[in-house]
Structures are given as structure tokens and as C-alpha cells.
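The values are calculated or read from the model by the stated rules, or taken from the named source; none is laboratory data. What you see is a predicted model, and the numbers here were worked out from it, not measured in a lab. All Cβ positions, even for glycine, are placed from backbone atoms using ideal geometry, and neighbour counts span all protein chains on display.
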Amino acid sequence: MTSTAPAAPRAASSPVRTTPSRPSRGGWKRRAPLLPALLFTIVVTQVPFLLTVFYSFQSWNLVRPGSQHFVGFSNYVDVFADSQFRGAMLNTVLITVLCVLLSMAVGLGLALLLDRKFLGRGVVRTLLITPFLILPAAGALLWKTTMFDPTYGLLNFVLGGSTDWLSEYPLAAVMTQIIWQWTPFMALLILAGLQGQSREVLEAAQVDGAGRWRTFASITLPQLSRYLQLAALLGAIYIVNSFDAIYLMTQGGPGTASTNLPFYIYQRAFQGFDIGQSSAMGVIVVVLTLIVATFALRLMFRTFDVKGGVK
């Protein structure tokens with residue numbers, strides 16, 4: 001009779017130690033082509049901004065050699081006490097808000113028309129985006145010499161008057177040119193949203209007896225809300241930095257009637273040679289723009305249901 005030896009107890013399983021994963025060589029190879037672009041972006045954007053912050057704490061005027069010295073926040077106090085700066089900020093807000101809203105309204109109307117089928121729709125769409133393809137400087141000169149000229153302008157020719165639009169209505173003239181320039185951009189974004197609508201839903205609304213206005217207010221407009229928000233965000237980012245139209249059409253005048261923040265900073269830096277206060281103005285504009293853009297991006301990410309957005 002054979003006896004079997006008892007089975008040896010199993011060794012207790014020791015916990016497996018895991019080492020933190022390191023980026024593979026393949027990952028670095030994929031990132032390496034992006035490094036030159038990243039370095040270039042840092043050199044041309046972040047380094048100048050850091051120098052601007054440094055100069056904003058200095059009192060330095062180029063027409064007075066040896067005048068550079070540290071003054072702390074004195075430049076910022078003087079900037080906020082400057083009535084011309086406050087007027088330029090108000091003009092900037094007016095130009096940005098009105099141009100964005102009016103260009104979106106006109107772009108929405110054009111997009112609704114171009115969403116329908118008609119003969120020559122492709123040609124009309126091509127002609128529609130033409131103003132957006134023209135350089136801003138060329139567009140400003142075109143409106144100044146062809147439309148608003150008091151003697152040879154088409155506007156006075158059609159209306160039968162001799163109004164000097166750039167002198168009597170400078171801010172409205174500048175905003176008209178900016179709206180003309182940016183309306184095609186708004187129309188293209190909104191048209192993309194219109195073409196993304198479900199045709200079955202629209203046909204079901206028609207079968208249920210909903211009219212055009214009811215269908216637009218209850219179905220089309222909610223569908224376009226995210227595209228309208230995106231158009232408003234992008235339009236505001238670009239329009240708030242408008243410089244070409246003001247510089248070439250009105251030079252900020254008469255007086256400071258059409259001066260916005262970018263043009264006023266240009267005047268203080270390159271005409272007044274005041275490096276300290278112009279740098280402080282630039283920093284203030286950047287900070288205010290970042291605050292507005294952060295709230296706008298939060299709203300846009302929430303609308304598009306994007307996770308991991310701006311925190």
C-alpha cells in the first residue's frame with residue numbers, strides 16, 4: 001500500500017510591483033516635429049509679452065534718453081485715470097458688440113437664403129465670401145475712396161447728397177466696413193449649421209402644420225445656437241483687435257471719436273514714444289481679453305458638451 005505525501009502548501013503570491021510608465025520612443029518621435037513650432041510660438045508670443053509686462057512697470061519715454069526707471073504700478077494707475085483710454089475702451093466695446101451682432105444678423109439672413117435651392121446658388125455662394133477674402137487694409141481703402149468719398153463716393157451718388165461720412169459719422173463708417181468684411185464669415189458658419197439639420201425633422205414639422213416662422217423659432221434656431229455662439233466668439237476675438245479700418249479710414253478722428261484700444265496703444269507707443277504706459281495698456285487689454293475669452297469658452301464648451309475644457 002503506497003502512501004501519498006501531503007501536497008506542499010502554495011507560496012503566497014507576492015504583489016506585483018508596477019513602475020510608472022514612461023513615454024515610449026515612438027511618442028517622442030511623434031512629438032519631435034512639433035517642437036520647432038512650439039519654440040517659435042514661445043519666442044514670438046510669450047517672450048514679447050513678458051518684456052511688455054516688464055516695461056509696464058517702467059517709466060520710459062524714447063524722446064528722453066536715460067529716463068527709464070522703475071515706477072511700480074504707477075503706469076496702471078495713470079492709464080485708468082486717462083479719460084482718452086476710457087473713451088477708447090468704450091469705442092472698442094461698441095465696435096465689437098455692434099459689429100458682431102449686426103454681422104451675425106445679416107449673415108443669418110444670407111445663410112437662410114443660400115440654404116434654399118435656386119439656379120446659380122454656387123456662383124452666389126462664391127460671390128458672398130469675396131469680401132472676407134479681401135485684405136482688411138484693401139477693404140478699408142476701398143470703402144474710404146469708393147463709398148464714403150464726399151465728392152466721388154457711390155453712397156453720395158446714390159443718395160444725392162454731399163455728406164462727408166468719415167468726418168460726420170466716423171464710428172458708423174468704420175463699423176459699416178467691418179460688418180461688410182465679417183458678414184461672409186458669419187454666413188458660412190451659420191450655413192454649415194443649417195445644412196446639418198435633420199430634413200426628417202423639418203418635414204415632420206411641416207406635416208404637423210407648423211409654419212415657417214414656427215419651424216424656425218422652435219427647430220432651426222435651437223439647432224443653430226452652438227454655431228451662433230461659435231461665430232460670436234471668433235468674431236469678437238478678431239473684431240476687438242481691429243486696426244486697419246481705423247488707421248486707414250479715420251486715423252481715430254475726428255479727435256478721438258473713432259479711436260479704439262489697439263489704435264490708441266499704437267498712438268502712445270509709436271507717436272508718443274511712451275513705452276511704459278503703452279505697455280501697461282497692452283497688458284490691461286490682454287488681461288481683459290483673457291477674462292472675456294475664458295467665460296466665452298466655458299459657455300461654448302458647455303454648449304458643445306466638451307469634457308475637459310477650460311477649468
Tell me whether region 14-32 contains one or more residues that are farther than 29 Å from residue 272 by Cα, modelled with pLDDT of 55 or more and among the aliphatic types (A, V, I, L, M). yes
Based on this model, can you work out whether residue 251 counts as within 20 Å of residue 140 (Cβ to Cβ) and over 22 Å from the mean Cα position of the chain (by Cα)? yes
Where residue 168 falls short, out of the listed (1) modelled with pLDDT of 90 or more; (2) within 26 Å of the chain's Cα centre (by Cα): (2)
Has region 80-99 got at least one residue that is modelled with pLDDT of 90 or more, assigned to a loop (DSSP other than H, G, I, E, B) and of a type in the set (A, V, I, L, M, F, W, C)? no
Of everything in region 50-79, what is part of a helix (DSSP H, G or I) and surrounded by fewer than 13 Cβ atoms within 10 Å (Cβ to Cβ)? Give them in sequence order. 50, 51, 54, 77
Quick count over region 259-281, residues being crowded, with 21+ Cβ neighbours inside 10 Å and closer than 25 Å to residue 169 by Cα, is 7
If residue 225 satisfies every condition in (1) surrounded by 13 or more Cβ atoms within 10 Å (Cβ to Cβ); (2) touching a residue at least 40 places away in the same chain (Cβ under 8 Å) but one, which is the exception? (1)
Cβ contacts < 7 Å: first residue touching a residue at least 24 places away in the same chain (Cβ under 8 Å), restricted to region 186-208; second residue surrounded by fewer than 18 Cβ atoms within 10 Å (Cβ to Cβ) and outside any helix (DSSP H, G or I), any location; separation 6+ or different chain. Result? 188/129; 191/115; 194/115; 195/115
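Among the residues of region 281-297, is there at least one that is of a type in the set (Phe, Trp, Tyr) and at pLDDT below 90? So that I can check it myself, show each step before the final result.
First, pick out the residues of region 281-297 that are of a type in the set (Phe, Trp, Tyr): 295.
With at pLDDT below 90 added as a condition, the list becomes 295.
Within region 281-297, one or more residues are of a type in the set (Phe, Trp, Tyr) and at pLDDT below 90.
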Restrict the check to region 287-301 and report whether at least one residue is among the β-branched types (Val, Ile, Thr) and in contact with a strand residue (DSSP E or B) (Cβ under 8 Å, 6 or more places away or on another chain). no
